[in-house]
1. Residues being within 16 Å of the ligand (Cβ to nearest atom) and open to solvent by 30 Å² or more (accessible area, probe 1.4 Å): count how many of those fall in region 156-182.
2. For residues in region 26-37 being more than 16 Å from the ligand (Cβ to nearest atom), over 16 Å from Ile308 (Cα atoms) and open to solvent by 50 Å² or more (accessible area, probe 1.4 Å), which is modelled with the highest pLDDT?
3. Show the residue pairs that are 6+ apart or on different chains and have beta-carbon atoms under 7 Å apart, the first residue being within region 310-330 and assigned to a loop (DSSP other than H, G, I, E, B), the second being basic (Lys, Arg).
4. Name, by its number, the condition in (1) more than 16 Å from the ligand (Cβ to nearest atom); (2) over 30 Å from Glu74 (Cβ atoms) that does not hold for Lys310.
5. Name every residue in region 249-278 that is in contact with a Phe, Trp or Tyr (Cβ under 6 Å, 6 or more places away or on another chain) and either more than 16 Å from the ligand (Cβ to nearest atom) or assigned to a helix (DSSP H, G or I) (or both), in order of residue number.
6. Applying the selection to region 99-128, what residues are under 24 Å from the mean Cα position of the chain (by Cα), surrounded by fewer than 15 Cβ atoms within 10 Å (Cβ to Cβ) and charged (D, E, K, R)?
7. Give the residues of region 231-248 that are more than 12 Å from the ligand (Cβ to nearest atom) and under 23 Å from Ser190 (Cβ atoms), sorted by residue number.
Amino acid sequence: MKRVFGRWMPVVASLTMICTLLTGCGFEYNSETETETADVSQNGQFIVVGIAQVGSESDWRTTNTKSYATTFTEENGYHLLFEDGQQEQENQVKAVREFILQGVDYIVIDPVVETGWESVLEEARDAGIPVILVDRQISTDDESLYTCFVGSDFTLEGQRAGEWLENYLSDRNMNEDEINIVTLQGTLESSAQLGRTEGFAKISRYHDNWNMLDAKSGEFTQAKGYEVMAEFLDLYPDIDVVVCENDNMAFGAIEAIEDAGKELGPNGDMIIISFDAIKAGMEEVMKGNIAVDFECNPLLGPEVDAIIQKLEKGEKIGKVTYVSETYYDFTMDLENIVNKRIY
Ligand code: GZL
């Protein structure tokens, strides 16, 4: 489709303001991770990208949004239309329909939940607009509804967490002990929640002595995480392991556990296994409040930029790209890594 610079001015003016607000969110951004300046054609054409973001529920999300805001800039050859879905699928669907109406060049969606996307994605396909899924996936039999996915393998993250707990317990000759486990799940039916829960279950099912006492959604937020953990502490007097499917819920759980006068850590009453490994989460690992934190890479802006640049050149791209991730636990010296952490 033809990109006419003049057509975008009124939209760009207001959205540039939104992006400015976003980039003003006080994050220190490590310029090394900013994308290479894309080729901007001499006649001032830009690639117009519409992003339908999940919301602003967590620190991870803030960094993820910042990554898009600092990648899809005019100096990199883009105009960014950005919509915050406030964790509601209907808001994201509305945003995608808006992008279609405005004839953007690419639609980027981070689907808050996996189902309910077919009709709006058919509209985007009928309009000839490529859709790139980021971070979370959708469940559909029709793979023609999106061009590709780039993000984390959540099931692998959950599986690694289960394997870590196996090693932790065997190191302490606790393989036969009764281990009471509660789980603070993320937003139900999101691929991050489904994957992490499923991955951990792939391991826990081999351990009859792992008692999966309860699981409840903390919506990936700190406030809800506090609430759910306080409830679990009332219900279960002897919790050994708390699995938090993101750091913000872990922060809420830490508060609730401390308020209940319980000790965290390998020599305390219980340990926390968390996900995201944002800087603040790793600082809790250093304090011993989180035993292990599984990384989930939020810096997807440059990944999407690279995909778009390939598509612009007519190059073939893979359907699924998983970003590389690791984990950090209490046995590691994290000082240097944490100091260098940009988010
Ligand atoms: C994971 C992402 C999740 C994070 C949460 O990639 O979808 O959503 O783990 C965020 O912090 O809210």
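1. Restricting attention to region 156-182, the residues satisfying the condition of being within 16 Å of the ligand (Cβ to nearest atom) are 156-161.
Within this subset, residues satisfying the condition of being open to solvent by 30 Å² or more (accessible area, probe 1.4 Å) are 156, 159-160.
Residues flagged as within 16 Å of the ligand (Cβ to nearest atom) and open to solvent by 30 Å² or more (accessible area, probe 1.4 Å) within region 156-182 amount to 3.
2. Residues of region 26-37 that are more than 16 Å from the ligand (Cβ to nearest atom), as a first pass: 26, 28-37.
Remaining after also requiring over 16 Å from Ile308 (Cα atoms): 26, 28-33.
So of that shortlist, the ones also open to solvent by 50 Å² or more (accessible area, probe 1.4 Å) come out as 26, 28, 31-32.
Working: Gly26: 30, Glu28: 34, Ser31: 36, Glu32: 40.
Step by step, filter region 26-37, then rank; the result is Glu32.
3. Qualifying pairs under 7 Å: Ile317/Lys310.
4. The one condition Lys310 does not meet is (2).
5. Gly252, Glu255, Ala256
6. Of everything in region 99-128, just one residue is under 24 Å from the mean Cα position of the chain (by Cα), surrounded by fewer than 15 Cβ atoms within 10 Å (Cβ to Cβ) and charged (D, E, K, R), namely Glu118.
7. Step one: list which residues in region 231-248 are more than 12 Å from the ligand (Cβ to nearest atom), which gives 231-243.
Correct list: Glu231, Phe232, Val241, Val242, Val243.
Let's see how each residue does on (1) touching a helix residue (DSSP H, G or I) at 6+ places or on another chain (Cβ under 9 Å); (2) open to solvent by 30 Å² or more (accessible area, probe 1.4 Å):
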position: Glu283; (1), (2): yes, yes
position: Phe294; (1), (2): yes, no
position: Asn297; (1), (2): yes, yes
position: Val304; (1), (2): yes, no
position: Ile307; (1), (2): no, no
position: Glu312; (1), (2): no, yes
position: Glu315; (1), (2): yes, yes
position: Met332; (1), (2): yes, yes
position: Ile337; (1), (2): yes, yes
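The values are calculated or read from the model by the stated rules, or taken from the named source; none is laboratory data. The model shown is predicted, which means the values in this text are computed figures rather than measured ones. Cβ atoms come from the backbone with ideal geometry, glycine included; neighbour counts cover every protein chain shown. In case anyone asks, the SASA skips ligands and DNA or RNA and just uses the protein heavy atoms, side chains included. Shrake-Rupley method; radii C 1.70, N 1.55, O 1.52, S 1.80 Å.
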